[in-house]
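One structure is given here, and the rest of the page talks about it.
The values are calculated or read from the model by the stated rules, or taken from the named source; none is laboratory data. Treat the numbers as computed from the prediction; the structure is a model and nothing was measured. Every residue, glycine as well, gets a Cβ built from its backbone with ideal geometry; the counts of neighbours run over all protein chains shown. Please note that ligands, DNA and RNA were not included when accessible areas were found on the heavy atoms of the full protein model with its side chains. Shrake-Rupley method; radii C 1.70, N 1.55, O 1.52, S 1.80 Å.
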Amino acid sequence: MNEMRAVGAFIGLAIGDALGAPLEGLPPAPIAVTEMQGGGIHNTLPGRYTDDTLQAAALAETLVRCGGFDPDDFARRLVLVYRAHPEFFGPTSRAVLDLIESGLVPSVAARMVHEAQGGSRSNGSVMRGVPVGIVYPREEVREVSLAASRVTHFDPVAGEASAFVNRMVSGICRGEEMDAAFRQALAACPDPELRGLLEDYRAYPPEPSLDAALCTHCAVRVFMEASSFREAVVAAVNLGGDADTVGAIVGGLAGARFGFQAIPASWLEVLCDREELLDLARRLWSVSRP
């Protein structure tokens, strides 16, 4: 398990989230954004991340403190960050976490919201899942990814999309080349729609969508076609749409591939809570399994 890849994956997620935050919900940028800036629908400060990183950090804390995934501990941590920053959370997670806070267990709350809203295939569980890929070995990552997704997203496609990304992160952090990690993630994916989108990813345009399958395709395509961390994340966030989430997923993948040392210093310098996030990333690596 390579420390620079593991730390790069977690910090890369936060970097992609923060770079994309001011572009969320907007059309593609006419002039590419290449440095941290503020503004956008949340009027964020430069370097300020959103719930992508808040939720990923909550998951990381659960994995570190519990020695593995614990759905109840994770749900409790999600409620805490949701209450602190409700403005960042999407409708599925908001509704589920409201129910959990009222006393329902996560599995019941997630199913109720799924049925009430007519689905829960949004990308909230995909964007936060990278810590699972860092900690768990390749043969275990899918099962844990599905469990972590189900805390808020009952739809199985959301879980499989998260598992695909996390399997790639797990493989790359453990020495697989990018193409091999992609092939292994594809081989482990049982969902026909997701497989169809991803096995010939160049056949479909990258769509920075709220939909878990479309968002995952978008992120994977951008990542697979980039030759550096900077190129990957800049391409991801400038698509607009759900820019912070596509940025977070691509940042996690690219951080694993290129390592922490590849993250531009000018981005790191303004990342909010940089030292706390770095400490958490190192603690994640310390509990990772071969």
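Listing for the model above:
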| quantity | calculated |
| --- | --- |
| Test result for CYS189, open to solvent by less than 30 Å² (accessible area, probe 1.4 Å) and more than 27 Å from GLY38 (Cα to Cα) | yes |
| Helices (runs of 4 or more DSSP H) wholly inside the stretch 1-92 containing at least 1 residues that are over 28 Å from PHE258 (Cα atoms) | 51-66, 71-84 |
| PRO71 open to solvent by 20 Å² or more (accessible area, probe 1.4 Å) and more than 16 Å from PRO106 (Cβ to Cβ) | no |
| Some residue of the stretch 45-57 being over 18 Å from VAL250 (Cβ atoms), of a type in the set (Phe, Trp, Tyr) and in contact with a helix residue (DSSP H, G or I) (Cβ under 8 Å, 6 or more places away or on another chain) | no |
| First in the stretch 241-263 and open to solvent by less than 10 Å² (accessible area, probe 1.4 Å), second anywhere and basic (Lys, Arg), Cβ under 7 Å, 6 or more apart | ALA256/ARG5; GLY259/ARG5 |
| Condition check for ASP279: under 16 Å from the mean Cα position of the chain (by Cα) and of a type in the set (Asp, Glu) | no |
| The stretch 227-240, residues that are open to solvent by 10 Å² or more (accessible area, probe 1.4 Å) and either in a helix (DSSP H, G or I) or small (Gly, Ala, Ser) (or both) | SER227, SER228, ARG230, GLU231, VAL234, ALA235 |
| Helices (runs of 4 or more DSSP H) wholly inside the stretch 141-196 that include at least 3 residues being within 21 Å of THR62 (Cα to Cα), free of Cβ contacts under 8 Å to residues at least 40 places away in the same chain and of a type in the set (Ser, Thr, Tyr) | none |
| Any hit, the stretch 203-226, residues being farther than 30 Å from HIS114 by Cβ and in contact (Cβ under 8 Å) with a residue 60 or more places away in the chain | no |
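Conditions (1) modelled with pLDDT under 95; (2) hydroxyl-bearing (Ser, Thr, Tyr); (3) surrounded by fewer than 16 Cβ atoms within 10 Å (Cβ to Cβ), marked per residue:
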site	(1), (2), (3)
HIS85	yes, no, yes
PHE89	yes, no, no
GLY103	yes, no, yes
PRO106	yes, no, no
ASN123	no, no, no
